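**Student:** Structure below; questions to follow.
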């Protein structure tokens, strides 16, 4: 697997402040059993290799079908967390070595994801006994497995999209002062900002108030997903992904009497050329923008792979998309195994 260089993350890591006093009971909420508040999980119950899904039912399917030797399983507030050993099979590839893996749910949207991912980070790098940061902890490898709406008419229904960059239409990321991950993020933000304004009525109450932010998937994770898909014979495609704050107007659906402030948002993105080696904006989902933005700043590695279960340009929907989801899960698990085999003692200190 091709290993990519991380030119800026170390500098960012050195600039991140360390707490000089214990986190308070209201900053870091831990229950009487030593579990973090929303997930109700203890630090040793989470693996450093993680799949995140939106649907709790999907987490349960992954746990029962793709994980063995289950050591922890819990549900709280609809958030399912399961830790075991990944176990996938394929005619062309197998797990390089058993990988301790956690699957957890994020709920729908970046607002819910912000809670779950921040708690995963806290579980990994804070000593719950002293409420202070650890000086050394494993680098988390986190892959989102979801579903999405396809934006390119030429992309076959069911094709898994491996995200290179995410276009955040939400506002969860703007509350975390993360730097640009590369020059493409800055350029894309500027172009997309102007594109959104040009698509709105100047008389709109919200004109010049919708400002996308762009975040980058970790290149090592992208390469791992591409390699895993090729090994398993899954025809995946690399492209950009929009992360929307809602499912209807925020993704270009116009089905109610209140009209969208940005008409035909799906068509706007499908026509946009990001000038990234032939890549296009391939799909729309609701979580990846914050996942990459937040975790990338911390030096963790995050990626996303989502099959297109609908094609917005062709107005088609795959009612049997669960098979595509299963193939996508296999690719994500194999990618985690590839990453862990390449970086067996990956730590941040």
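The values are calculated or read from the model by the stated rules, or taken from the named source; none is laboratory data. Small disclaimer: the values here were computed from a predicted structure and weren't measured. Cβ: placed from backbone, ideal geometry, glycine included. Neighbour counts: every protein chain shown.
**Student:** Touching a helix residue (DSSP H, G or I) at 6+ places or on another chain (Cβ under 8 Å) and in a strand (DSSP E or B): is that true of residue 309 in this structure?
**Tutor:** Taking the combined requirement at face value, the residue satisfies it.
**Student:** Pick out the one residue from 143, 126 that is over 26 Å from residue 170 (Cα atoms) and surrounded by 20 or more Cβ atoms within 10 Å (Cβ to Cβ).
**Tutor:** From the options 143, 126, the qualifying one is 126.
**Student:** Something else: If residue 29 satisfies all but one of (1) more than 19 Å from residue 303 (Cβ to Cβ); (2) at pLDDT 95 or above; (3) touching a helix residue (DSSP H, G or I) at 6+ places or on another chain (Cβ under 7 Å), what's the number of the condition it fails?
**Tutor:** Only one criterion is unmet by residue 29, namely (3).
**Student:** Right, another one. Just to be sure before I move on: is residue 225 touching a residue at least 24 places away in the same chain (Cβ under 8 Å), buried (at least 16 other Cβ atoms within 10 Å of the Cβ) and either within 17 Å of residue 285 (Cβ to Cβ) or under 20 Å from the mean Cα position of the chain (by Cα) (or both) in the structure I sent? First the steps, then the outcome.
**Tutor:** Values: touching a residue at least 24 places away in the same chain (Cβ under 8 Å): yes; buried (at least 16 other Cβ atoms within 10 Å of the Cβ): yes; either within 17 Å of residue 285 (Cβ to Cβ) or under 20 Å from the mean Cα position of the chain (by Cα) (or both): yes.
In short, yes.
**Student:** Still on this structure: State all residues of segment 305-328 that are over 19 Å from residue 154 (Cα atoms) and buried (at least 24 other Cβ atoms within 10 Å of the Cβ); if no residue qualifies, say none.
**Tutor:** Of everything in segment 305-328, just one residue is over 19 Å from residue 154 (Cα atoms) and buried (at least 24 other Cβ atoms within 10 Å of the Cβ), namely 328.
**Student:** Which residues, taken from segment 148-171, are touching a helix residue (DSSP H, G or I) at 6+ places or on another chain (Cβ under 7 Å) and either at pLDDT below 95 or within 18 Å of residue 238 (Cα to Cα) (or both)?
**Tutor:** The answer is 149, 151, 152, 158, 160, 162, 163, 164, 165, 166, 167, 168.
**Student:** Also, quick follow-up: Can you name every residue in segment 163-181 that is part of a loop (DSSP other than H, G, I, E, B) and touching a residue at least 60 places away in the same chain (Cβ under 8 Å)?
**Tutor:** Of everything in segment 163-181, those that are part of a loop (DSSP other than H, G, I, E, B) and touching a residue at least 60 places away in the same chain (Cβ under 8 Å) turn out to be 169, 170, 171, 172, 176, 178, 179, 181.
**Student:** Here's something else I'd like to know. When only residues in segment 263-281 that are surrounded by fewer than 19 Cβ atoms within 10 Å (Cβ to Cβ) and in contact (Cβ under 8 Å) with a residue 12 or more places away in the chain count, which is farthest from the chain's Cα centre (by Cα)?
**Tutor:** Among them, the one singled out is 263.
**Student:** What's the number of the condition residue 54 fails, among (1) within 29 Å of residue 129 (Cβ to Cβ); (2) buried (at least 16 other Cβ atoms within 10 Å of the Cβ)?
**Tutor:** (1)
**Student:** Look at residue 298 and say whether it is buried (at least 24 other Cβ atoms within 10 Å of the Cβ) and touching a helix residue (DSSP H, G or I) at 6+ places or on another chain (Cβ under 8 Å).
**Tutor:** No, not satisfied.
**Student:** Quick check, is residue 237 farther than 27 Å from residue 121 by Cβ and touching a strand residue (DSSP E or B) at 6+ places or on another chain (Cβ under 8 Å)?
**Tutor:** yes
**Student:** Here's a follow-up. Tell me the residue from 202, 210 that is surrounded by 14 or more Cβ atoms within 10 Å (Cβ to Cβ) and at negative phi, please.
**Tutor:** Selected residue: 210, the only one of 202, 210 that is surrounded by 14 or more Cβ atoms within 10 Å (Cβ to Cβ) and at negative phi.
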